[in-house]
Amino acid sequence: MIPAGPDDAPPAFVRALRSLRDVQLRPEIHLEEVPGPARIAPYTAALAAEVRANARDIEADDLASGRFVVLHDPAGQEAWDGTFRLVTLVRASLEAEVGADPMLGEVAWSWFVDALAESGLDAHAAGGTITRVLSQSFGALDRRPEQVDLEIRASWTARDENLRPHLEAWAVLLCTAAGLPPLPAGVVPLPRRR
């Protein structure tokens, strides 16, 4: 459920949030509204998601997780070069061999840029970081395999208040990081039962 916005929200912010309603995401993605960050912008909204290995099993392993944040400042902010800024965080665990690839940062950033491009968007005023953390276990835990956690943090400016393609692009990024194969061309997710 996407909020309509606070009672005092400007009409552009309300329209932007409404553009996120009824977006059809892959069934592996479980989305929920969470509080937006405070003090970054006058108006904020946020969604959290988990990508599960089995779309119908809430106990299934999470393949990736993330947040999609909408920031709106009617006066604009110079660094944004606009009035709407979108911020994302995507986290996924990778196999140690994949995580050791020296090109992982560039590849993960290309996932972000490609997801936007496939949705017909440009990465206007985009910036971000790619972080990987290698976990090695010792002592009583030394039989655990090495694990690499990937974190993609990115932000970009929406050119208008139609945020639907931005949310769709973020969902593609989330599924790519989770290791899900892309949907074949022309295939769209079925509406969820309510």
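The values are calculated or read from the model by the stated rules, or taken from the named source; none is laboratory data. What you are looking at is a predicted structure, and each value in this text was computed from that prediction instead of being measured. Ideal geometry is used to build each Cβ from the backbone, glycine not excepted, and the neighbour counts take in all protein chains shown. The protein model used for the area step is the full one, side chains on, heavy atoms only, and it has no ligands, DNA or RNA in it. Shrake-Rupley method; radii C 1.70, N 1.55, O 1.52, S 1.80 Å.
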For region 161-194, what are the residues that are out of contact with any strand residue (DSSP E or B) (no Cβ under 8 Å at 6 or more places or on another chain), among the charged types (D, E, K, R) and at pLDDT 70 or above?
164, 168
Please give the number of the condition residue 125 fails out of (1) on the phi > 0 side of the Ramachandran plot; (2) out of contact with any Lys or Arg (no Cβ under 9 Å at 6 or more places or on another chain); (3) of a type in the set (Gly, Ala, Ser).
(2)
What residue, of 19, 110, 93, is among the small types (Gly, Ala, Ser), out of contact with any Cys (no Cβ under 7 Å at 6 or more places or on another chain) and free of Cβ contacts under 8 Å to residues at least 12 places away in the same chain?
110
So, residue 149, is that one among the charged types (D, E, K, R) and part of a strand (DSSP E or B) or not?
yes
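Out of all the residues in region 141-163, which are under 19 Å from residue 48 (Cα atoms) and either crowded, with 16+ Cβ neighbours inside 10 Å or aromatic (Phe, Trp, Tyr) (or both)? Lay out the reasoning, then the answer.
Keep residues of region 141-163 that are under 19 Å from residue 48 (Cα atoms), which gives 149-156, 163.
Across region 141-163, the qualifying residues are 150, 151, 152, 153, 154, 155, 156, 163.
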Out of the residues in region 75-85 meeting the condition of being in a strand (DSSP E or B) and touching a strand residue (DSSP E or B) at 6+ places or on another chain (Cβ under 6 Å), tell me which one is most open to solvent (accessible area, probe 1.4 Å).
83
Looking only at region 104-140, and only at residues there that are of a type in the set (S, T, N, Q) and part of a loop (DSSP other than H, G, I, E, B), the one that is most open to solvent (accessible area, probe 1.4 Å):
136
Taking region 103-140 as the region of interest, how many residues are modelled with pLDDT of 85 or more and either among the aliphatic types (A, V, I, L, M) or more than 22 Å from the chain's Cα centre (by Cα) (or both)?
16
Of the conditions (1) hydroxyl-bearing (Ser, Thr, Tyr); (2) exposed (fewer than 15 other Cβ atoms within 10 Å of the Cβ); (3) part of a strand (DSSP E or B), residue 88 satisfies every one except a single condition; which number is it?
(2)
